[in-house]
Each structure stands twice: as structure tokens, then as C-alpha cells.
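The values are calculated or read from the model by the stated rules, or taken from the named source; none is laboratory data. Small disclaimer: the values here were computed from a predicted structure and weren't measured. Here the Cβ positions follow ideal geometry from the backbone for every residue, glycine too, while neighbour counts run over all protein chains shown. When the accessible area is computed, the model is the full protein with side chains, heavy atoms only, and any ligands, DNA or RNA have been set aside. Shrake-Rupley method; radii C 1.70, N 1.55, O 1.52, S 1.80 Å.
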There are 2 protein chains.
Amino acid sequence: MAQDTIKLGDYLFTRLRQLGVESMFGVPGDYNLRLLDFVTPAGLHWVGNCNELNAAYAADGYGRIKGLAALITTYGVGELSALNGIAGAYAENTPVVHIVGTPPRPLQDARTFMHHTFSDGDYRRFAAMSIHITAAQSRIVDSTTAPEKIDWILQQALIHNKPVYLEVPDDMPDVLVSAANLKTKITVPAPPCSAQEPQVLAQILERIYQAERPFILVDGESTGLGIVDQLDALIKATGWPTWTSVYGKGLADEQLPNVYGLYAGGFGDDAAKAYFEEADLVLTFGPHYSDTNSYFYTTVPKPKVAITFSGSNIQIKDETFRDMSARNILSHILENLDSTKLVKLTGPPKTKLTIDTNTPDTDALGQTNFYPLVNPLFKEGDIILTETGTAAHGGRNFTLPSKSRLFGAVTWLSIGFMLPATLGTALAQREQNANTISKAQTILFIGDGSLQMTAQEISVMIREKLNIVIFIINNDGYTIERVIHGRKQAYNDVPFWRHAHALTYFGAGEEHAAANTFQARTVGELKGVLADERISNGSGVRLVEVFMDREDVQGALLYLLNKQLAQERVEEEKEKGQK
Amino acid sequence: MAQDTIKLGDYLFTRLRQLGVESMFGVPGDYNLRLLDFVTPAGLHWVGNCNELNAAYAADGYGRIKGLAALITTYGVGELSALNGIAGAYAENTPVVHIVGTPPRPLQDARTFMHHTFSDGDYRRFAAMSIHITAAQSRIVDSTTAPEKIDWILQQALIHNKPVYLEVPDDMPDVLVSAANLKTKITVPAPPCSAQEPQVLAQILERIYQAERPFILVDGESTGLGIVDQLDALIKATGWPTWTSVYGKGLADEQLPNVYGLYAGGFGDDAAKAYFEEADLVLTFGPHYSDTNSYFYTTVPKPKVAITFSGSNIQIKDETFRDMSARNILSHILENLDSTKLVKLTGPPKTKLTIDTNTPDTDALGQTNFYPLVNPLFKEGDIILTETGTAAHGGRNFTLPSKSRLFGAVTWLSIGFMLPATLGTALAQREQNANTISKAQTILFIGDGSLQMTAQEISVMIREKLNIVIFIINNDGYTIERVIHGRKQAYNDVPFWRHAHALTYFGAGEEHAAANTFQARTVGELKGVLADERISNGSGVRLVEVFMDREDVQGALLYLLNKQLAQERVEEEKEKGQK
């Protein structure tokens, strides 16, 4: 009986399509061109990026919205340029399939001294590098095992919520493989119900009913646990005071009266901190305890009050129950919850990012007045990205509309990431909103130092006709590094650029570029820009350059700056003493 | 007795200074700021790049001229972005010291979940990745062993002529270490004289005296063998016909009557090929046999006529003599050479890159007329860089002035490399020529696709006030990929940019930018640009955008294009047949 077959390239891209991938990122290269032939015919939108790092960043952004992303690079030169982006996806849990077009099998088998190698016959060293930054790796070598290998690697990306690595030799996209598996969509196996589950569930419910001062903390790994919708139900059902981490920002609807936005531990609102310290139950979902995301671990609850849902574990006080599904447990909690037994309470007063209405329009723009002024721009469904640096710190206190998302500096903190990530999220947003929220925007806040890393990707945003507003915070260099160390050092400077020429240089229509490039140095100027219909309700890429002082920082960054200033004073005194 | 001590940061940078490093590339980051404090005080020039890949590329370019380069990145996010550039330095033999500022030892020892990690306590995975693409690795961990470790790693870079990897924890630049070693400069140990040397020398001299049709091929690894000056003497002493590979281009003085420039094997000049095929002795120096550098291995001589000097081997016919020093052998050859015993002969006629003087000025610019028109621009001491793609192919046939260098597409072929490499070579050129050739220029030829990868580094060229002319060959996308595969495919397109705005955007003085941006579409227009004093003898960064057809190629690329066109015809016929 004739087997139902399909070309390998078609198989791979059909699988990705089945999982919701609609756009594909990457850069063409000698060893992936034959694979690229299959992208458009498979119904995928090809996004040719300016370079591979930008492509990886864009794929990460896309995957954060869509739940899966794919990236194609070429062997050696291409894949290595993407590694930092893949590592970032690993650190912050985005399933990105990194597909590498490798040299044809005959050349690899003969250990031919080809370009894009070290001319020594070793074809395995670059794959070995990716092992350290991906959850799984697969190398297609023949038509028989190819479908299983592809299915396995895609499933691994979904199970681990991490990037994976897939090698496709340049002589294989045309090879016929079995199409049999295609009838069944790849799924993530549901975790078996643990024998301990009834006991754990009972303990949790008991603690919930006993709580007099409960605190809900939604952290970013909740996305990977698949519990964001359940958390919404829990937050509504309990009415309990709820905060998010930096990473969880946007996962709880900040329009609900009991959702406070960011909990910044020892570096934030005093009332929230006091409430947290006195809480008798802290329910933490999807914790991610890097120094940055946990404000130097000050958002980690004391074990005696903690119930924590992470990965396949649930921790109650000092006890860890393994092989538990947060999703299973939460659905049981929600089913069994007796709301009459829940404490009814109001948390501390909600603070809102505001600006004194008497602020003169002539005031210079700075970290303290900029973010409250911009906040009302956001609408339902918007995606907001705040690049590592002052932007990420300022953006943490935005109040978000419903159904909007915010991406900030979580753990990887690779400057330059947010600009291509903005491209990726905007594409994903357009695909998801095609039939719903048509006027949603993607809004990027980025410093001048970070922007220089990956600025060329603005040209792809323009080509893709995406609705993006870019706020460039021009504070004359790496302000975040200045406050950490080397306040006056020249190594924290960046070259001077004329940002107002960006849209023209990167290929926007000349009329569009002229009409959609703005600058603001004062409160009044910014108000004018924000009132402009082209910003609030325009289209295409728009650019607003705002100017701030080199050392203008707030929050945790101000703490670092003051520490450095104090150190400088000590050294000055020491020097005086020595004279 | 008190030991003579020095701070670690001072020690490291003093060592680099002793080896001729004067500029340092990199990007600041959280874990390298304290090390950066030592750069300028050590008398090094800090070049802050726009991103780490660009910094690595620039360091590679710098190292190709100066013999050693250094690059500083930060742990994780910084170092991973640089890996493709480090791998390229490995593939093409540039000793680049990749210094990574790592988290302070207390954080590493405690396996703290810090940013720029995967928040899992594992601090070793990124170093493990670099093992695959560096010749040696060293991790500074204490003050006692630090000086020896630093000396060892720098020596490894010089011995292997490859990149190396050095980790400096952020709490260590201030630590005191012994200064004792500093009195002795780090050197590469001279290879011992092999017992076989007299026999090998005798064999070589005999073959040289017997030769009636000798052929000298200078390949690029001659630089690492330290024999470039000796080869110059040999070429002059014998007067024998001499060619170079792509990689060796510029290592033999093309102004000498017997130096022909590039030997392109089966893809080049027929007379040269005929001479090569009939040669009874082919002396090859520093061979590098990648497909691209050897024109698909057609420049590799038949064993029976070959004497090949490579690494620590000398190959005569089928016999390989190991542990031989090419430099030792060559000095003995030069000392003992009896010129009366050498065949006197004239090689095939020299071809020169020329353009028909009757070419109308209205002719469109293309690959065949562009390079001969530009060639007379080059002056003694100029450095010419030709990016992978049509530029590298066209630039291979330039005739170079004395003391000038050319860098082209050898083996790594990572597009985007040449622009930051131009920054690096221009800096090195300025340092080397400070007291000699003051008007030397660095001239880059790059396609519009490659340019988009790393364009932002133009802003650093501008800030550094370097004398650079950039020719952008705007042929509307990845022409080199189009001829390999996917001639009409959209994936070989690139976004539209207005290159004429580059200098303004990237911060040149507005007057300078307006006066130093040129465009040319025809022979006449290009002649006008080249006659302009600002191009031939100007200063700062100048930009010339030349327009060519999407499929305008020559040489080996034309061969590939024709192959694809023939394949298309076959498929068309097949389709017709099926109808």
C-alpha cells in the first residue's frame, strides 16, 4: 500500500502552522535557502530580519504573545549570531524553535572543508554550543526518522516552554517523509493526577479559609503553567489584594479594584510592603526568583505564610509536593471554593501613577513626570514594551488597561532586545486581533543606548506596516550603567545620533516620516505630542524622542546612584585627609 | 621582603600594551564596569561599540593589522552576542582576546540567582560555549595565580593565532597581584630546530634548482607563520611568477613585475591556469583550503609538484615533515640560495583590471565597469575591505599599491563583518601610520544586504574621526543568495533604506554629511565622484551609494547564476511537457 507522503519542508511548516505559528523570522543564508522555499507556500508569513540576533529577539517577542515562535538561520555564521537571543528566550521561558539550515549531508559526511566552518571537517561544534541554551536538540538525518524527530522537538518546546534547536540539512527540504502523523496535532501531555492531590488540595483550602490577611502574587511563569485564566477567576472570586512581579505585570487585570499592579518588595510602596510583611497567607503563582524580578529577593514570602505554585511543584510552608499540576489543583480549588468562608477585606490604598496637575508646562521632562503623562495613552489590547534601563523601571508602575500586556526587564536584561521584540509582538498582536481589537497599538519605551544595539529593525517594522509608537528616552548614554558604576566615565557614553532622521533613513514614506517624528523636552511639549491624533490613533511606525537628564533616575536606580554618590564623598574626604 | 604588586586590571592592560594593543573594543555591562575603569588609565583607547557583535568584528579587523586585539564584554548577554565574531576570528586566524567581566566571586560561589543568568545557579554554561570557538580559556579566580593565567592566555592567542577567552570576576580588577612578570615581555617560544631540517632543506633547494616552470602561491596563513617579509625577499630573489589566494591577497607586493595578484584556479584567468597546470614546482605558503578560498579546491597543486609550508608542517610530494618551522627553513633557503642556479622565466602575460576607454559615460554601473573605475583611487598604505557577496568577488581583481592590504571573503563569510572590521582596521592603520603615511585611507565595499546587519557602527567611525570611504553597492537585496538559490524569491529581498541619510542619522556634522554623501548610477556619475577631492583626498567618513542591477554578477557567481537559470529552463520544459 502506498504510504501518504509529504516533502520534509512542508511537513515541518505544517506542524508549526498547526500550533498557531503564522509568521517566521530569520535571515537567508547559503544553507537554508532550500528550506525557505517552503515558508510562503505553507501559508507562513516570512519576516526577513536585518540580522540574526534581531530575528531571535523578534521571535521571542512573537512567542510571548502566541505561545510558540520559529526562527530560521544558516549554519555557523547565522546561528551563532542568534545565540544571545535564544539564551534570553531560555532565561525568560519563551518556546522558540531555532531551525538551522546545515550543509548538505554529503558534505558533512565527507567532512569537506566548506565555508561557514573552521575548515577542519568538524561539523558538530556549533550544535554543541546550542545544547547549553536550549531545552532539547534534534538533528534531521534521514527521511524515516524525520517526522518523529520534528514532532518530538516541537513538543519539547511546548512542554518546557523553552527554546529548542533543530538542524535541517540543505539537501533535505525536498525529501519525502510520511505524512501519517499530521492527522494528529502535537499536544502537551496532561500531567497525571498525583496521589497526594486530595491531601494538598485540602491543606490549601484550609489555609485559604483560615486566612485573615491574604496576599496574592502573580509572577511571570504563570504563563507557562497555563493558569492565567484560572488566576483571573481566583482573583475575581476572592476579591483578595493581588499584586504582580515585574515578570507577571499584565497577567492580572489591573482594572479590577483588588489588583494593585507591581509589588516591588523593599523598593516600592510602603503600604504594600507593610501589608505583605503582615500577611498570614501569600499565594504565589509561577515564581521567578532572579535578583531583578524579586527586587533582591525582597518579594519572596516567608515560608510559614507561603503557598507557592511553580513548575510541577507546590510548596506549602517548608514542604514541597512534587509532580503536582498547578492547573489541576487550581481547577479543583475554583470548583470547591466556598466564598462564604473567605475573609472579606480591603487591601492598602491603591496608588496611581499621577502627576501634580499644577506642574508647569515649562518643566523639563524627567522620569517622575514622563510616565504618568504617557500612561493615559494606553488602550485595551495594547502591548507595552519597556527596555532594560530607566524605561523598564519607569514602566513598572504604569496602570494597564484590560487585555493589554507589558514586557519589561525580568532576568536576561539584554539591552537591544526590546526593539526587535516589539516587531515580534506587534506582528503577533495583529494576527491575534485581526477580527477583534483592530486599533490596538504596540508601544515601545527605549533608551538611546539600547536603541543603538538593534536600531535597524525599525526598517522591518516599517516594511511590515505595523502600528508601533517608539518613545526614545534620550538621556545621553547608558544611564543605567552610570548609576551602577562609572557615573562620569566616558565608557558609559554612546555615539551621538540624530534620531529624528530614523524613519526617513529606515525607509518610511517621506511624508509619513515627516509627519510622524516628534520631539519633546518639556511637559508641555509632551502633552502636545500625546494629544496629537497621529500618536493616539495613528498608524504605521511613529517616533517620539524625549530628552532627559543623564542621571535622572528613580526607585531602585536612585538607590544605586545615591550609594555611588556617597562612595564618591567618602573618597573625596579621604583624599582631603591625605593632603 | 615586600613583593612588588599591581592591581589586576593594571596588570592585564599593561600586558596587552606591551604586546602592541593600543585600542580596546567592547560594550559596558553590569559585570565589566570595574574592569573598564582601568582601560584609559592604562593608556589604552576605549572604543565603545554599538553592540558586542560589532565590537568583536572590529577587534578582528584591528587584530589583522596589529597582530593582536582585545575585546571586553559582560557576562552572558554581552559575550553571547559576540560569539559569531569570535568564531570568525577562529576560522580566519586572528588572535582576539575576549575578556568577559563575570559576576563577583561571592555571587558565583553562592550560586545566587542573578540577572544575566538562567536563575538556576549555573555560572559555567556560557564559558562552556566559548570552548568550541577559542584556542584556550582561562578563568581568573584568585590573586596568586592571576598573573600566570593572564600571561598564559595571551601567549596562547599568539602561538595559535586564534581567539582566546578570559574571565575576570567583577570583584577582582582592584585586587593586588604580583608585578614580577611584567619585567619580561610575553613572547612566542621559537620552535626548536628539527633533526630533519638539513635533509628537508636540501630536498627543497634541489627542487628549486631543478624547477623549470615554478609557481609561487602565497596564501593567507603566511601571516600567522610570520614569513611575510621572507616571502617578499623570496619573490624578489627568484623573480618567479607569484600569485596569491583570496586570503593572501595583499601579502605579496602587486607592484612587482612577477606578482600577478589572485590565482582563481578553475574560475579565473585561463593563461594563469594553464601555467599552473603545467608547473613542475608549486611552492605554497600558508595554505588555507576552504572551498571558497581555494575555488572549490582547484588551486590545490598536484602532490607531485607541490612543496607546501603550513603550520608546523612542510609537505614535499606525498611526504609530511612535522615539527618544522617555516620561518627557520625559509631563512636557511634565503641564506643559501644560489641565484645563478635558478631558472629565469617570464610567466603568462599580466592582466589588469581595465575598462574600455570608449565606454560611454551614460552606461549604467555594473560589476564589470565599477571595479576598474575605482581601482586607481587606491594609494600606498590604503586598506581595502570587500564584504562577502559581489563586492568580495569584484574586489579580488583589484591591483593593489605597495604596503596596502585587502580583506575579502575567505572562509567564515559572515555578512555584516566588514563594516565593523573597517572600523577596526582604520583604527589600527591610524596607530601604525601615525608617523609615516598620514593620508592613507580605509575603503570599504559592501552590499546593501550586508550593510543592514551592522550599519550602526558607522556612528562609531564618525565619532572616532576616521578616514573611511564606504561604497555601498545597492543592488536591491542579497544578490549573492539570489544567484545561489531563490533568484526571484522574496526572502532574498531586504527592507528599503535611504542610504543617503546615513551620515546625518549617525551623527556626522550636518555640513560634512551633506558634502560627503554621493550617489552614482552611471559610469559618468562615478567618474565625477572619484574625481572629487573629498573622495580621493578627503577626511572623515564619506559615503558613496552606487546602484547596480539585482542579478548583475561576474566570475564564479555568474557560473552559479547560469546554473540556476539552466535549472529553471529544465523545469519550465518539464512543466510544458506535463501540460
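Within the stretch A:26-40, identify whether any single residue is touching a Ser or Thr at 6+ places or on another chain (Cβ under 8 Å), part of a helix (DSSP H, G or I) and within 9 Å of another protein chain (Cβ to nearest Cβ), and answer yes or no. No, every residue in the stretch A:26-40 fails to be touching a Ser or Thr at 6+ places or on another chain (Cβ under 8 Å), part of a helix (DSSP H, G or I) and within 9 Å of another protein chain (Cβ to nearest Cβ). Mind listing whichever residues of the stretch A:315-340 are exposed (fewer than 12 other Cβ atoms within 10 Å of the Cβ) and either without any contact (Cβ under 8 Å) to a residue 60 or more places away in the chain or within 22 Å of A:LYS304 (Cα to Cα) (or both)? Passing the criteria: A:ASP318, A:GLU319, A:ARG322, A:GLU335, A:THR340.
Output yes when any residue across the stretch B:51-61 is surrounded by fewer than 24 Cβ atoms within 10 Å (Cβ to Cβ), assigned to a helix (DSSP H, G or I) and of a type outside the set (D, E, K, R), and no when none is. Within the stretch B:51-61, not a single residue is surrounded by fewer than 24 Cβ atoms within 10 Å (Cβ to Cβ), assigned to a helix (DSSP H, G or I) and of a type outside the set (D, E, K, R).
One line per residue, one yes/no per condition, for (1) in contact with a Leu (Cβ under 6 Å, 6 or more places away or on another chain); (2) more than 18 Å from A:ILE307 (Cα to Cα); (3) of a type in the set (Ser, Thr, Tyr):
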{"site": "A:ALA146", "(1), (2), (3)": "yes, yes, no"}
{"site": "A:LEU154", "(1), (2), (3)": "no, yes, no"}
{"site": "A:ASN161", "(1), (2), (3)": "no, yes, no"}
{"site": "A:ASP170", "(1), (2), (3)": "no, yes, no"}
{"site": "A:LEU176", "(1), (2), (3)": "no, yes, no"}
{"site": "A:LYS183", "(1), (2), (3)": "no, yes, no"}
{"site": "A:PRO189", "(1), (2), (3)": "no, yes, no"}
{"site": "A:GLU197", "(1), (2), (3)": "no, no, no"}
{"site": "A:ILE208", "(1), (2), (3)": "no, no, no"}
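Whenever a residue of the stretch A:525-547 is under 21 Å from A:TYR505 (Cβ atoms), its partners that are in a helix (DSSP H, G or I) and among the aromatic types (Phe, Trp, Tyr), lying with C-beta atoms within less than 9 angstrom and at least six residues away or across chains, give the pairs A:VAL546/A:PHE370. The set of residues in the stretch B:526-571 that are among the small types (Gly, Ala, Ser) and either modelled with pLDDT under 90 or open to solvent by 70 Å² or more (accessible area, probe 1.4 Å) (or both) comprises B:ALA531, B:GLY555, B:ALA556.
Quick grid of which residues meet (1) out of contact with any helix residue (DSSP H, G or I) (no Cβ under 6 Å at 6 or more places or on another chain); (2) without any contact (Cβ under 8 Å) to a residue 60 or more places away in the chain; (3) acidic (Asp, Glu):
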residue: A:LYS236; (1), (2), (3): yes, yes, no
residue: A:TYR247; (1), (2), (3): yes, no, no
residue: A:ASP253; (1), (2), (3): yes, no, yes
residue: A:TYR260; (1), (2), (3): yes, no, no
residue: A:GLY268; (1), (2), (3): yes, no, no
residue: A:GLU277; (1), (2), (3): yes, yes, yes
residue: A:PRO287; (1), (2), (3): yes, no, no
residue: A:ASP291; (1), (2), (3): yes, yes, yes
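Among the residues of the stretch A:44-72, the one identified as over 18 Å from the mean Cα position of the chain (by Cα), under 17 Å from A:VAL168 (Cβ atoms) and more than 10 Å from every other protein chain (Cβ to nearest Cβ) is A:LEU44. Residues that are among the hydrophobic types (A, V, I, L, M, F, W, C), in the same structural domain as B:TYR123 (by TED's automatic domain parsing) and within 17 Å of B:GLU431 (Cα to Cα): does the stretch B:69-90 have at least one? Checked the stretch B:69-90: at least one residue is among the hydrophobic types (A, V, I, L, M, F, W, C), in the same structural domain as B:TYR123 (by TED's automatic domain parsing) and within 17 Å of B:GLU431 (Cα to Cα). Of everything in the stretch A:453-512 that is among the aromatic types (Phe, Trp, Tyr) and in contact (Cβ under 8 Å) with a residue 60 or more places away in the chain, the residue that is farthest from A:VAL374 (Cα to Cα) is A:TYR478. On the given criteria, is A:VAL96 farther than 18 Å from B:TYR491 by Cα, in contact (Cβ under 8 Å) with a residue 40 or more places away in the chain and under 26 Å from the mean Cα position of the chain (by Cα)? So A:VAL96 passes the test. Among residues that are open to solvent by 60 Å² or more (accessible area, probe 1.4 Å) and within 28 Å of B:TYR275 (Cα to Cα), B:THR351 is included.
Counting only residues that are out of contact with any helix residue (DSSP H, G or I) (no Cβ under 8 Å at 6 or more places or on another chain) and among the basic types (Lys, Arg), which one in the stretch A:301-329 is farthest from A:ARG207 (Cα to Cα)? Going through the qualifying residues, I end up with A:ARG322.
Residues of the stretch A:1-41 that are among the small types (Gly, Ala, Ser) and either crowded, with 20+ Cβ neighbours inside 10 Å or under 22 Å from A:PRO103 (Cα atoms) (or both): A:GLY9, A:SER23, A:GLY26, A:GLY29. When we screen B:GLN210, B:GLN137 for residues that are more than 14 Å from every other protein chain (Cβ to nearest Cβ), polar (S, T, N, Q) and under 30 Å from B:GLY226 (Cβ atoms), the only hit is B:GLN210. Within the stretch B:397-415, the set of residues being in contact with a strand residue (DSSP E or B) (Cβ under 9 Å, 6 or more places away or on another chain) and open to solvent by less than 20 Å² (accessible area, probe 1.4 Å) comprises B:PHE398, B:LEU400, B:SER404, B:LEU406, B:PHE407, B:GLY408, B:ALA409.
Among residues of the stretch B:514-528 being closer than 19 Å to B:ASP448 by Cα and in contact with a helix residue (DSSP H, G or I) (Cβ under 9 Å, 6 or more places away or on another chain), the one that is farthest from the other protein chains (Cβ to nearest Cβ) is B:LEU526.
For B:LEU154, the test of being part of a helix (DSSP H, G or I), at pLDDT 95 or above, buried (at least 17 other Cβ atoms within 10 Å of the Cβ) and not assigned by TED's automatic domain parsing to the domain that holds B:ALA89 is failed. Residue-level check: of (1) more than 13 Å from every other protein chain (Cβ to nearest Cβ); (2) not in a helix (DSSP H, G or I), A:THR14 misses just (2). From A:ALA89, A:ALA127, which residue is under 26 Å from the mean Cα position of the chain (by Cα), of a type outside the set (Asp, Glu), over 19 Å from A:ASN49 (Cα atoms) and more than 9 Å from chain B (Cβ to nearest Cβ)? Residue meeting the stated conditions: A:ALA127.
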